[in-house]
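Worksheet for the structure shown next.
The values are calculated or read from the model by the stated rules, or taken from the named source; none is laboratory data. In this text, all values refer to a predicted model and were calculated from it rather than measured experimentally. Neighbour counts run over all protein chains shown; Cβ positions are idealised from the backbone, glycine included.
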Amino acid sequence: MIFTSGCYCPIFQHKVLLLIDIVIVNYNSTSYLIECLESIYRHLGGISASIWVEDNASTDDVYQIKYRFPDVHLTCNSKNIGFAAAANQGMRKGRLSFVMLLNPDSYVLEGFFQNVLSFLENNPRVALVGPKILDKDGSIQGSARTFPTPLTALFGRSSLLTRMFPRNPISSANILTHACDGVQPMEVDWVSGACMVVRRSAIDQVGCFDERFFMYWEDADWCRRMQDSGLKVMYFPRAAIVHHVGGSSNHLIFRSRLEFHKSVYLLFEKYNPSALIPLKVLVMLGLCMRLCLISIWYHIAFHLMPEIPKSDCAADEKITTGKIVILRVIARLNIGGPTIHVHLLTTGLNPERYTSILVTGVISHREGDMRYLFPEDFPHLHVIPDLKRDLGLRADIRVLIQLFRLLRRFQPDIVHTHTAKAGFTARLAAIVYNRIFGKNVKLVHTFHGHVFRGYFNRFTSSLYVLVERLLAMFTDVVIAISPSQKTELVETYHVASHRKVCVVPLGFNLDPFLSCHRLKGQFRKKLGVSPKTLLIGIVGRLVPIKHHEMFLDAATLFLKRHPECDVRFVVVGDGECRDRLKSYCQEQRIAPYVIFGGWIQNVAGVYADLDVLALTSLNEGTPVSIIEAMAASVPVISTRVGGVADLIGDPEDATRSAAYHICNRGVACRPEDVDGFAKGLSYIAHENISEKRDRIQRARDYVIHNYSQERLVRDIESIYDNLAGN
């Protein structure tokens with residue numbers, strides 16, 4: 001140790017000049033290296049240092065380092081000799097008391113040198129320290145670990161299982177960073193070679209890196225040799241660097257993966273020399289299989305998904321204007337609330353602050369199409385033909401590849417998904433994209449409804465719940481469209497925590513429905529229905545989850561109980577169940593009283609002539625038809641499922657009837673209770689006109705206050721700004 005009158009260090013309580021050799025091994029990371037060197041000079045704080053850059057035959061103009069930093073000792077090797085050999089080359093040149101090894105794709109933070117060197121000075125038994133290492137987003141890397149075991153392959157710092165279950169007991173035991181309080185130094189098995197500070201005397205005692213390790217795991221081996229010599233290795237969180245993971249290895253991806261697995265086997269063989277041949281073969285085969293799987297992923301990423309020319313990239317706009325780029329994905333633009341919701345968000349966000357890119361699939365031939373909301377010249381609309389409602393392995397793989405290409409092309413800040421199929425494929429693509437390229441795209445998913453009940457058998461439903469739980473681990477914000485839906489997601493299905501799920505009610509352009517009285521009479525005229533006829537309608541897709549059979553069964557009961565009533569039941573919509581429902585009307589002998597209206601684009605005209613809006617679903621998020629009917633001053637009766645309860649409110653008098661309940665803004669009955677639904681229809685048809693008007697007005701006021709498009713856009717922009725750090 002050399003003491004002179006140099007700078008004042010309050011920890012030492014005397015004036016000292018500390019001397020340190022800083023060794024940086026570079027390979028085609030010169031742009032990062034410049035930032036790294038600038039941070040070193042900025043934070044040395046008067047401490048004397050010799051900086052040795054050992055370059056492994058880079059081709060990115062590394063010689064500029066000599067002109068920018070004339071005091072740096074630059075050595076350019078004629079070939080890539082590997083990290084361990086190049087680091088040894090630099091360590092042997094230096095003669096100072098401490099040696100710092102630092103990756104070029106890193107930069108040190110304020111106070112680093114003073115804190116680390118003071119700690120080593122005051123703790124002479126400590127041979128090597130590793131600082132806290134941060135990702136670009138400020139998250140802490142698992143840089144302090146126990147020595148590897150066979151389970152490290154499955155639960156290592158970067159493994160899929162650890163990313164899916166970051167706090168599992170195996171990973172927690174292996175990644176010691178989790179156990180640190182962030183302040184106190186902690187003795188560990190080994191620390192990452194991305195940054196370590198070691199005593200020169202320890203290097204003299206145990207030797208330099210084992211040069212058989214071309215790259216990776218030489219740090220673990222070095223720390224083990226130090227511990228075997230009775231020296232201490234410490235994790236020191238009071239000093240920190242930022243590390244751009246993979247800044248060097250990204251330039252030789254397959255080579256780096258190959259060397260990683262070769263080094264794993266070398267480490268195993270070095271410390272298990274007496275292992276039986278069958279065990280060595282088994283370990284080698286396992287590593288080969290792991291390497292093959294990883295190579296397949298990288299092949300998909302870099303060959304099947306080539307970079308899009310920068311001139312075509314929407315991210316150029318973001319770079320030049322500072323806008324937040326949103327990649328919004330929905331499975332299909334069929335008639336319904338999700339499409340309306342997506343249209344309002346895609347077109348309603350502030351164009352001065354956001355760039356919106358919409359990705360969608362195609363509808364089936366029996367679904368109504370709302371593509372008309374997006375004209376042919378609509379900017380940033382991308383259709384993936386394979387993105388459909390139905391599952392199909394080959395088609396879904398093609399969807400993932402297409403989504404991956406779009407992620408690479410547009411480089412979004414946020415991916416926001418809508419509907420189950422889009423939520424699965426797009427989030428999975430974004431997770432893999434983040435993992436492979438070290439990106440930090442934020443993920444948002446909106447549950448417009450869910451497929452956990454009423455769609456599949458119990459086993460399949462449980463599988464969907466499990467998939468959503470796994471995806472939610474990687475999702476930054478999960479949006480529920482009603483308080484009831486949040487309760488289901490959090491407490492019933494345990495998809496995500498209360499903190500991660502936020503409620504953002506739907507929003508609509510309600511003006512057509514608030515003023516639809518001007519269209520009164522047109523729909524009845526089209527149907528050939530008298531103005532005096534009681535018109536009870538159901539609006540929505542003709543699919544099993546909507547349970548139209550219950551509506552028709554209730555119509556049958558109503559007709560039997562009120563034969564004198566002039567009534568018609570109109571079914572607005574289309575879908576896979578249309579033919580079966582028409583046949584069912586024939587079987588029930590109610591066909592003369594039921595009208596199938598098909599898809600109607602100007603649905604406001606329908607509500608202008610309806611006397612009652614019915615909904616008989618088995619499961620719902622927030623049904624759009626109820627909101628539209630309330631805005632149009634149409635009485636509502638519905639099964640009490642999903643977000644329906646939030647719309648129609650609490651029962652006013654639960655003792656009035658066990659079959660149905662009169663609620664604050666509508667009438668409700670139990671799911672699949674045909675008798676109760678028919679009795680509820682009877683109540684609405686004959687209730688006191690004053691009570692009906694009061695309930696209709698409360699419903700109208702409620703949706704105006706809670707479901708405007710302005711409120712929706714404002715809420716979503718707030719979420720985006722928080723995620724983007726604005």
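Of all residues in segment 493-544, how many are more than 29 Å from R714 (Cα to Cα), among the hydrophobic types (A, V, I, L, M, F, W, C) and crowded, with 20+ Cβ neighbours inside 10 Å?
5
If you scan segment 556-574, which residues turn out to be in contact with a Leu (Cβ under 8 Å, 6 or more places away or on another chain) and either closer than 15 Å to I595 by Cα or free of Cβ contacts under 8 Å to residues at least 40 places away in the same chain (or both)?
D566, V567, R568, F569, V570, V571, G573, D574
Please specify each residue of segment 623-677 satisfying the condition of being β-branched (V, I, T) and surrounded by fewer than 18 Cβ atoms within 10 Å (Cβ to Cβ).
Across segment 623-677, the qualifying residue is only T655.
Filter segment 75-100 for residues that are surrounded by 18 or more Cβ atoms within 10 Å (Cβ to Cβ) and touching a helix residue (DSSP H, G or I) at 6+ places or on another chain (Cβ under 6 Å) and give the result.
A84, V99
For residues that are part of a helix (DSSP H, G or I), surrounded by fewer than 24 Cβ atoms within 10 Å (Cβ to Cβ) and under 11 Å from the mean Cα position of the chain (by Cα), tally how many sit in segment 412-424.
1
Starting from segment 26-49, keep only residues that are in the same structural domain as Q64 (by TED's automatic domain parsing), then list their pairs with residues that are in a helix (DSSP H, G or I) and basic (K, R) whose Cβ atoms are within a distance under 7 Å, requiring at least 6 positions of separation or different chains.
I34/R68
Test P483 against the stated conditions and say whether it is touching a residue at least 12 places away in the same chain (Cβ under 8 Å), surrounded by fewer than 19 Cβ atoms within 10 Å (Cβ to Cβ) and farther than 26 Å from V594 by Cβ. Lay out the reasoning, then the answer.
Values: touching a residue at least 12 places away in the same chain (Cβ under 8 Å): yes; surrounded by fewer than 19 Cβ atoms within 10 Å (Cβ to Cβ): yes; farther than 26 Å from V594 by Cβ: yes.
Spelling it out, P483 is indeed touching a residue at least 12 places away in the same chain (Cβ under 8 Å), surrounded by fewer than 19 Cβ atoms within 10 Å (Cβ to Cβ) and farther than 26 Å from V594 by Cβ.
Conditions tested, residue by residue: (1) of a type in the set (A, V, I, L, M, F, W, C); (2) over 30 Å from H418 (Cβ atoms).
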| position | (1), (2) |
| --- | --- |
| V467 | yes, no |
| S482 | no, no |
| A496 | yes, no |
| L506 | yes, no |
| R518 | no, yes |
| V529 | yes, yes |
| L542 | yes, no |
| H548 | no, no |
| L557 | yes, yes |
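What are the pairs, 6+ residues apart or on separate chains, where a residue within segment 63-87 that is in a strand (DSSP E or B) has its Cβ under 6 Å from a residue that is of a type in the set (K, R)?
That search, which allows pairs on different chains as well, returns L74/K66.
Could you tell me which residue of segment 678-697 is nearest to V636 (Cα to Cα), considering only residues that are of a type in the set (K, R) and surrounded by fewer than 18 Cβ atoms within 10 Å (Cβ to Cβ)?
This residue is K692.
Right, I545: modelled with pLDDT of 95 or more and not in a loop (DSSP other than H, G, I, E, B) or not?
Against the criterion (modelled with pLDDT of 95 or more and not in a loop (DSSP other than H, G, I, E, B)), I545 does not qualify.
Quickly run through segment 440-475 and pick out the residues that are of a type in the set (D, E, K, R) and surrounded by fewer than 17 Cβ atoms within 10 Å (Cβ to Cβ).
R458, R469 - these are the residues of segment 440-475 that are of a type in the set (D, E, K, R) and surrounded by fewer than 17 Cβ atoms within 10 Å (Cβ to Cβ).
So which helices (runs of 4 or more DSSP H) are wholly in segment 108-225 and hold at least 3 residues that are modelled with pLDDT under 80 and of a type outside the set (G, A, S)?
Hits in segment 108-225: 152-155, 160-164, 169-174.
Kindly evaluate R409 against the criterion of being modelled with pLDDT under 90, part of a helix (DSSP H, G or I), among the basic types (K, R) and surrounded by fewer than 16 Cβ atoms within 10 Å (Cβ to Cβ).
no
Please find, within segment 101-139, the residue that is nearest to R225 (Cα to Cα) out of those that are acidic (D, E) and surrounded by fewer than 22 Cβ atoms within 10 Å (Cβ to Cβ).
That would be E121.
As an exercise: evaluate H548 against (1) free of Cβ contacts under 8 Å to residues at least 40 places away in the same chain; (2) farther than 20 Å from H341 by Cβ; (3) over 29 Å from the mean Cα position of the chain (by Cα) and give the number of the one condition it does not meet.
Of everything listed in (1) free of Cβ contacts under 8 Å to residues at least 40 places away in the same chain; (2) farther than 20 Å from H341 by Cβ; (3) over 29 Å from the mean Cα position of the chain (by Cα), H548 misses just condition (1).
Output the number of residues of segment 639-654 satisfying the condition of being more than 18 Å from E691 (Cα to Cα) and outside any helix (DSSP H, G or I).
Adding up the residues that qualify gives 5.
Just one of L443, L466 is modelled with pLDDT under 95, assigned by TED's automatic domain parsing to the domain that holds T347 and among the hydrophobic types (A, V, I, L, M, F, W, C); which is it?
Only one candidate passes the filter, namely L466.
Okay, residues lined up against (1) under 19 Å from T417 (Cα atoms); (2) touching a Lys or Arg at 6+ places or on another chain (Cβ under 8 Å); (3) at pLDDT 90 or above:
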position	(1), (2), (3)
P338	yes, no, no
H341	yes, no, no
G348	yes, no, yes
L358	yes, yes, yes
S364	no, yes, no
F374	yes, no, no
P379	yes, no, no
K388	yes, yes, no
A395	yes, yes, no
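Pick from segment 690-726 the residues that are of a type in the set (A, V, I, L, M, F, W, C) and in contact with a Lys or Arg (Cβ under 8 Å, 6 or more places away or on another chain): which of them is modelled with the lowest pLDDT?
Applying the first criterion (of a type in the set (A, V, I, L, M, F, W, C)) to segment 690-726 yields 696, 699, 703-704, 712-713, 716, 719, 723-724.
When the remaining residues are screened for being in contact with a Lys or Arg (Cβ under 8 Å, 6 or more places away or on another chain), the result is 699, 723-724.
Values: A699: 95, L723: 93, A724: 88.
That would be A724.
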